[in-house]
Amino acid sequence: MPNDPEDFLTINQRALSARLDVVREHLRQQASRINSEKGPEKESDLETDALDSLERKYAEAVESANSLPVIEALSALFGLSEFERNVLLLCAGMELQASFATACADAQGDPQRPYPTFGLALAAFPEAHWSALAPNAPLRYWRLIEFASSAGLASAPLTNRPLRIDERILHCLCGIAHLDERL
C-alpha cells in the first residue's frame, strides 16, 4: 500500500471502476445477443474492440498503482478464476453503481430480474464454469457472495437466485478496512 492512504483509495477506486466497466460491457453484450433478431451469435469485432479498450484502461490503472488493486489481491488470496472474479465484481457493481440493476435486467431479458444471478454470469462471462457454484468453491466457501433472501426465490434453481456480495468484502474491494463484527 502506498504511504498516503488517500492515494491508495484513489488508485484503487480507479482500478475498481475500470474493472466494473469491463463487467458492464459483458452485460451489455449479453443483452445485445439475447435481443438480436438473429439470436445469439459470435462476438463481433466491435464487441471485441470495446472489451479490449476497457481491458487496456484497466491495465493502465493497475500499472499506475504502487501496489495491486484490492480486487487483484483478493483474487490471488482466494484463488479466484477470472470467471469467479467477474461474478464477485458483478455483485459489487450492483451495490456500487445504479446502472448495474438495469444492465442485469437487460442482460437477462427480463425487467423483473434486475439483479445478478449465476445464470446471468454463466451466460455473460467468458471462461464460465459450473464449478464456481459449488459450496466448496471459493466464492461460497469463503462467503464472498451469498444468495440474497428474496420471498419466492428461495426455492428457485441455483442459477436463478439473486446473488449478493458480502458487505465486508464490498468494503474491502473499495479499500476501506474495518474489523468484521463477527470477529
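The values are calculated or read from the model by the stated rules, or taken from the named source; none is laboratory data. The structure displayed is predicted, hence computed values, not measured ones. Virtual Cβ from ideal backbone geometry, glycine too; neighbours counted across all protein chains shown. Note: accessible area is taken over every heavy atom of the protein model, side chains too, but ligands, DNA and RNA are not part of it. Shrake-Rupley method; radii C 1.70, N 1.55, O 1.52, S 1.80 Å.
Within this structure, GLU127 passes the test of being part of a loop (DSSP other than H, G, I, E, B), acidic (Asp, Glu), open to solvent by 30 Å² or more (accessible area, probe 1.4 Å) and touching a Phe, Trp or Tyr at 6+ places or on another chain (Cβ under 9 Å). Of the residues LEU170, LEU89, LEU139, which single one is more than 22 Å from ALA61 (Cβ to Cβ), in contact (Cβ under 8 Å) with a residue 24 or more places away in the chain and surrounded by 18 or more Cβ atoms within 10 Å (Cβ to Cβ)? Answer to the selection: LEU139.
Residues in the range 113-122: is at least one exposed (fewer than 13 other Cβ atoms within 10 Å of the Cβ), outside any helix (DSSP H, G or I) and more than 14 Å from the chain's Cα centre (by Cα)? No: zero hits. Of all the criteria given as (1) in contact with a Ser or Thr (Cβ under 9 Å, 6 or more places away or on another chain); (2) open to solvent by less than 50 Å² (accessible area, probe 1.4 Å); (3) modelled with pLDDT under 95; (4) closer than 24 Å to ILE71 by Cβ, the one not satisfied by ALA148 is (1).
Scanning the range 60-74 for residues that are under 16 Å from VAL22 (Cα atoms) and assigned to a helix (DSSP H, G or I), we see that the one that is most open to solvent (accessible area, probe 1.4 Å) is GLU60.
Residue count for the range 24-59 under the criterion of being at pLDDT 80 or above and part of a loop (DSSP other than H, G, I, E, B): the result is 1.
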